[in-house]
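See below for the structure under consideration.
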Amino acid sequence: MRIPDTRGPLTSALFTVLAQAPGAAGTELDRLYRLAARQVAGTGDIIGDEDIQLALFCLYELHYSGLDSVSDNWEWEPALIRVRQLVEEPFEAALRAAAHQAAGDFELPDRGAITSDEVADVLFGLAAMDTGPSLSRYVARKASLEQLREFLVHKSVYQLKEADPHTWAIPRLSGRPKAALVEIQADEYGGGRPERMHSALFARTMRGLGLDDRYGAYVDAVPAVSLATVNLMSLCGLNRRLRGAITGHLAIYEMTSSQPNRFYGNGFRRHGFGAEVTHYFDEHVEADAVHEQIAGRDLAGGLVEAEPHLLADVLFGASAVMALDSRLSTHLMSSWEAGASSLRTAVAAAA
């Protein structure tokens, strides 16, 4: 991914560091750490902080496809990991607070007696508590063509590398939950056929609306909350201690995906688009109806049966994605209903 534009002093300092070789950036690394410490201490909303979320997104990107012209040796540079951890701690705290608010008075069952079926029931019950704005219904009934394009731009930050953050959990699981995760991920990656990978289907949808389908092409256009939804997945996927959270994240994602994708597909059909554009959404209507049972019972349920102490983190991951999705949906819909763009910068049609 190309290095995006800076959004403040933290990203400016980070990109200055990354432009150098790891062994030649000692002074700049010290400055970056001090700057990060001041900025996370001074922000009133780390989830909505443009500079912090972009910096964290780019730090995580070093563990995925990397950044253009940045040495791969930065990936595990201890001083840079130290900066990332400095940002992660308050970000996780904010996510846990948002997750707690989203779950409300939801009560955990007896951890010593819960079965995999009961875990699934808990997650289905949590999903039913979601009272956030329905972005999918808005897309189906009201969204203009330009708003559909904006919707795809927001989703592209994650969907063009769909499944990768959850895949980090595979070596951290064993037995039944591991097999369940591999089964789900195999579908996400197209069953071995690259043209059927869900990220490839999403790229085709983008091209159908004249958008650039290169990964990271629109990072500059999306606000902090869009980046935060991806950073949540990377946080949970890259930290073994949060394997319960990434499992809960995927489970609730699959449990709440089928019907919204039906509405999304209908929104594009309303504007005259055919299967070339809607295939991505139509595929998820069917696939996620199957995946929700595997994810709830075999993946999340199987993990909690094997490691009962992870139940709270499973519910944290599930509640956190609900909280961030609600916040992002509110941003999009309030912008559109006010006649404004939901993006930071205008998006031109791809060449």
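Among the residues of region 217-228, the one identified as open to solvent by 10 Å² or more (accessible area, probe 1.4 Å), under 14 Å from LEU160 (Cβ atoms) and not hydroxyl-bearing (Ser, Thr, Tyr) is ALA217. Just one of the listed residues (ASP72, ASP51) is within 16 Å of ILE3 (Cβ to Cβ) and open to solvent by 40 Å² or more (accessible area, probe 1.4 Å), and it is ASP72. For first residues located in region 1-27 and surrounded by 15 or more Cβ atoms within 10 Å (Cβ to Cβ), partners that are part of a loop (DSSP other than H, G, I, E, B) and charged (D, E, K, R) and lie 6+ apart or on another chain with Cβ distances below 7 Å form the pairs MET1/ASP68; ILE3/ASP68; PRO4/ASP220; PRO22/GLU77. Considering only residues that are buried (at least 17 other Cβ atoms within 10 Å of the Cβ) and either part of a helix (DSSP H, G or I) or at pLDDT below 95 (or both), which ones fall in region 198-209? Residues satisfying the conditions are HIS198, SER199, ALA200, LEU201, PHE202, ALA203, THR205, MET206, GLY208. Give me a count of the residues in region 28-42 that are surrounded by 18 or more Cβ atoms within 10 Å (Cβ to Cβ) and closer than 15 Å to GLY8 by Cβ. Qualifying residue count for the region: 5. Could you tell me which of the residues GLY191, GLY175 is at pLDDT below 95, over 15 Å from the mean Cα position of the chain (by Cα) and closer than 30 Å to ASP117 by Cα? Exactly one residue qualifies, and that residue is GLY191. State all residues of region 145-196 that are part of a helix (DSSP H, G or I), touching a residue at least 24 places away in the same chain (Cβ under 8 Å), hydrophobic (A, V, I, L, M, F, W, C) and open to solvent by less than 70 Å² (accessible area, probe 1.4 Å); if no residue qualifies, say none. Across region 145-196, the qualifying residues are LEU148, PHE151, LEU152, VAL153, VAL157, ALA179, ALA180, LEU181, ILE184.
Does at least one position in region 299-315 carry a residue that is more than 17 Å from VAL122 (Cα to Cα), open to solvent by less than 10 Å² (accessible area, probe 1.4 Å) and at pLDDT 95 or above? Checking region 299-315: not a single residue is more than 17 Å from VAL122 (Cα to Cα), open to solvent by less than 10 Å² (accessible area, probe 1.4 Å) and at pLDDT 95 or above.
In summary, LEU343 fulfils each of the numbered conditions (1) within 18 Å of ALA94 (Cα to Cα); (2) modelled with pLDDT of 95 or more with the single exception of condition (1). If you go through region 311-346 and keep only what is more than 13 Å from the chain's Cα centre (by Cα) and acidic (Asp, Glu), you end up with ASP313, GLU337. Taking region 234-343 and the helices (runs of 4 or more DSSP H) fully enclosed by it, the elements with 1 or more residues that are touching a residue at least 40 places away in the same chain (Cβ under 8 Å) and under 16 Å from HIS166 (Cα atoms) are at 243-255, 275-293, 302-306, 311-337. If the condition is being in contact (Cβ under 8 Å) with a residue 12 or more places away in the chain and under 16 Å from GLY237 (Cα atoms), then region 71-86 contributes GLU75, ARG84.
The values are calculated or read from the model by the stated rules, or taken from the named source; none is laboratory data. Being a predicted model, the structure only gives us computed values, none of them experimental. Using ideal geometry, Cβ is built from the backbone for each residue, glycine included, and neighbour counts are taken over all protein chains shown. With ligands, DNA and RNA removed, areas are computed over all heavy atoms of the protein, side chains included. Shrake-Rupley method; radii C 1.70, N 1.55, O 1.52, S 1.80 Å.
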